[in-house]
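Undergrad: My questions all concern the structure below.
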């Protein structure tokens, strides 16, 4: 009876090990000399074998279309970063469509500072595509601070207008470059 109790766990362990090792039999050695050289050749071979994805247009192998737009190709995003380049940034999230600056004050008033948040509602260059939020922090002499949301201010309007104008110019430049090519 004792021998039977020892053999059953031992046999179960051996069977598990054997099954695990036989699953590794699908490993195939690859000779790197036969593999294509260069990124485009590798991508083409992967697409032919049904394993690849084309970023620029139709995704092959899965039957779906995919387009990726990177931050460097988005004129609204680039114009916003260029406009806010003098401010320290705390959050820059392209996928979430948010840019948030840190509290900023000029040398003249250390008791007042502003914080700017930009929210991108779409990639189109339109007034409705960008939401500018400005907060102002006002501190008294004993460092009691209060934060106020500034709804209609000159800073907010100037930022909004400047970003849209720069984005329109950047988009015009990129279209002109594409036409020349």
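Taken together, the values in this text are just the output of simple stated rules run on the coordinates, not laboratory data. Bear in mind that the values here come from a model prediction, so they are computed numbers and not experimental data. Cβ sites come from the backbone with ideal geometry, for glycine too, and all protein chains shown count toward neighbours.
Undergrad: Could you work out how far apart the two model spin labels at residue 111 and residue 11 are, taking each label as a point 7 Å from the Cα in the direction of the beta carbon, and quote it in nm?
TA: It is 8.8 nm.
Undergrad: Taking just the alpha-carbon atoms of the stretch 71-180, what radius of gyration and Dmax come out, in angstrom?
TA: 15.8, 61
Undergrad: For 98, 132, what ranking results if the residue with the fewest other Cβ atoms within 10 Å of its Cβ goes first?
TA: Sorted ascending by nearby Cβ count, the order is 98, 132.
Undergrad: Taking the number of other C-beta atoms within 10 Å as the exposure measure, put 110, 80 in order starting with the fewest.
TA: Fewest-to-most ranking of 110, 80: 110, 80.
Undergrad: Turning to a different aspect of this structure: Order of 34, 90, 20 from fewest to most other C-beta atoms within 10 Å?
TA: 34, 20, 90
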